[in-house]
Amino acid sequence: MKHGKNISRILAMSLVAVLGVGMTACGGGSGGGGNNATAALTAKGPIKIWYSNNQFEVAWGKSMVAAWNAAHPDQKIDAQEIPAGKSSEEVIGAAITAGNAPCLVFNTAPVAVPQFEKQGGLVNLSAFPDGKSYIEGRTGAIADQYKSSDGNFYQLPWKSNPVVLFYNKDIFKKAGLDPEHPKLATQAEFLDTARTLVKSGAAPKAIWPSPSSDYYQSWFDFYPFYAANTGGKQLIENGKSTFDSPEGKQVATMFQTLYKENLASKEVYQGDSFAEGKAAMSLAGPWAIAAYKGKVNWGAVPVPAAQATPKSYTFSDAKNIGMYSACKNQGTAWEVMKFATSVDQDGKLLTGTGQMPMRKDLTTTYADYFKANPLYTNFADQAARTVEVPNVPNSVEIWQTFRNAYSKAVIFGNQSIDDAFKESSAKIDQLASQK
């Protein structure tokens, strides 16, 4: 199971083109206008849903559907895994354009929501009488990151995989480092530790984030460190980019140093560099606990900021639930969304997948689980301090613009960080201002 990085990497480069397919279907995403939209909000009856093809989520999904169907024989769910395609977002975008999307998709990427909304493909969940109150009541303050520009919710924050810094205890010990008290509290310590790991010959690379140009790769190198360094800033806030700043440049310079000193590789690794002992550290979420079981003697620490902090922030690596406007029985769909994110079902999701339901009361609600599974406790604590991709227009193109600048300056050293960040920041501000 490689949920965090690898499920996110299912998002193919074709997403940029695919999400543009429905540009002519612009609208508020309310599923139509007038009486039809209002009637759909209260309509009850059978619905169709898609869940991801991750085996652990499939098992949870089947159990959830069975429980609902047993109690609601006149409002049954017809469920299936999301159809195969280059990416789940490609499949969803095509279904929106064709007008045959399911009622719910339990694998909606926050980065795709602005475009799906622009296509008119998403239902405004705030239109339900208890929509806004339910989402904010369950999710807490973090819910604000998932609001659209009109102040409404077009996605229900569902589950996150907070990214932390994993390290290989055996490799640390081989390098003469204390594996139980690793010096990883600050970015300076992280760099010094990286140098020791490689110079000692304990591992070929200290860390091996993918250097590929895919727009989403910055979520697994720059963005977690930037979130930590800024105390939780998003890449864009109040319509303006934030990364062309001392904090952003500091993170970029740190990674530039890793590449310059060959502590990280400029080549894409075909496999899992951490699991195979080629890298001593890795950025990953709680999915990695199951993935590395029996393969790596690992430890994990929060992503370090420039200054040591006991409560650092990181990237959420979330997947959410979207309701799609082709749905006729939206009243039932909304009730299913609440049922699937109830205390009981969130507990089953946590137990079955190790992923963190986005609940403000996560650690106290499932105190017995975390007591019995202490390896997950730090992730639950970290889940309260996560940063999402900004919910702004042209989200994918914005991230691609950033990635191109980052790759040019940081990974390959073909432009100064100052110039690359200044130029890309201006482009991104323009993209974020477009409707």
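Quick notes
- Taking 7 Å steps out from each Cα toward its Cβ at Asp192 and Lys338 produces label points 5.5 nm apart.
- Highest-fluctuation residue, Asn107, Asn320, Asn238 considered, GNM on the chain with Cα pairs under 10 Å: Asn238
- Bridge type composition, the chain - antiparallel percent by DSSP, nearest 5: 60 percent
- In the context of the full set of protein chains, the chain has a per residue accessible area of 39 Å² (1.4 Å probe).
- Each other residue within a Cβ distance under 15 Å of Thr401 adds +1 if Lys or Arg and -1 if Asp or Glu, for a net charge of -1.
- Environment charge of Ser200, counting only residues whose C-beta is closer than 11 Å and scoring Lys/Arg +1, Asp/Glu -1: +4
- Surface composition of the chain: carbon and sulfur make up 51 percent of the accessible area, probe 1.4 Å.
- Overall shape: oblate for the range 53-109, with the ratio a/c of the largest to smallest alpha carbon gyration tensor axis at 1.5 or above and b/c at least equal to a/b.
- Rounded, prolate or oblate (a/c below 1.5 giving rounded, otherwise prolate when a/b exceeds b/c) for the range 314-435 by Cα gyration tensor: oblate
- Given R0 = 51 Å, the distance between the Cβ atoms of Glu261 and Lys76 translates into a calculated FRET efficiency of 0.30.
- Spatially, the range 255-292 and the range 297-356 are offset by 24 Å when compared through their Cα centroids.
- Phi angles across the range 212-219 convert, under the Karplus curve 6.51 cos²θ - 1.76 cosθ + 1.60 with θ = phi - 60°, into 3J(HN,Hα) values of 5, 8, 4, 4, 7, 5, 5, 6 Hz, Gly and Pro given as x.
- Cα-based shape type of the range 33-150, given that a ≥ b ≥ c are square roots of the gyration tensor eigenvalues and the cut on a/c is 1.5: rounded
The values are calculated or read from the model by the stated rules, or taken from the named source; none is laboratory data. On a predicted model such as this, the values are computed, not experimentally measured, just so you know. Every residue, glycine among them, receives a Cβ derived from its backbone with ideal geometry; neighbour counts consider all protein chains shown. The protein model used for the area step is the full one, side chains on, heavy atoms only, and it has no ligands, DNA or RNA in it. Shrake-Rupley method; radii C 1.70, N 1.55, O 1.52, S 1.80 Å.
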